[in-house]
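To start, the structure under review is shown below, and the notes come after it.
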């Protein structure tokens, strides 16, 4: 606890120090014993952060990092799911989109029932509209963190408003990211900070002759982009990777 009453976890995602460590009654501060207990609980909760993806060494050494900030852990109709991704602002996240909402972005027919979401990515001259939809073949929860079997779902995302076509597909048949005429295979990443691997993917990477970039799908998320990419490509890849960060199984949408 500091003298400024700073938040233990920002943006309403945890217990605020000014709410539990500077509580006052009508005559002054609350009982010291209660105060200490509450502050101890707050500090303990702050240490309960989940695992984080560890970027493969070749990705880490050749990439710029776009950190995520101001992101809520919650989602749903009454939650602002926007956040900052490096120089970009992610906003207007709408999870009410389904197969009846319009044109499909996935590799399936119009008769296939899908769920999806849309969002915007903006920064400087880059203004993109992202859409993702998915078909979940089975629900398979793997951990207390709500992880699921990425191999049991097909996810397709597209980003519009930039130069050229930008799309991404993850399925049992194909895993690829497409920017214009260039296609980049996508692979799962399982490494986590501190060493070792976890069974569910901690993220994904896209490669050509070398790493194009990678995305962490564990909360709060993070993106790595190849150094020297032109802005249209950076924007499109960031938009598609944002779709993976925002993805949740249909039952959780």
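The values are calculated or read from the model by the stated rules, or taken from the named source; none is laboratory data. All figures in this text were calculated on a predicted structure; none of them were measured in a lab. Cβ coordinates were reconstructed from backbone atoms using ideal geometry, including for glycine residues, and neighbour counts include every protein chain displayed.
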Across the stretch 153-177, what is the number of residues that are part of a strand (DSSP E or B) and within 18 Å of residue 121 (Cα to Cα)? 9
Top-ranked residue in the stretch 77-118 [being part of a loop (DSSP other than H, G, I, E, B), in contact with a helix residue (DSSP H, G or I) (Cβ under 9 Å, 6 or more places away or on another chain) and modelled with pLDDT under 95; ranked as nearest to residue 129 (Cα to Cα)]: 95
Which numbered condition trips up residue 236, out of (1) touching a strand residue (DSSP E or B) at 6+ places or on another chain (Cβ under 8 Å); (2) surrounded by fewer than 20 Cβ atoms within 10 Å (Cβ to Cβ); (3) within 25 Å of residue 161 (Cβ to Cβ)? (2)
For residue 161, the lone unmet condition from (1) at pLDDT 95 or above; (2) more than 19 Å from residue 228 (Cα to Cα) is (1)
Out of all the residues in the stretch 191-198, is one or more free of Cβ contacts under 8 Å to residues at least 12 places away in the same chain and assigned to a strand (DSSP E or B)? yes
Test: residue 223 is under 18 Å from the mean Cα position of the chain (by Cα) and under 18 Å from residue 50 (Cα atoms): yes
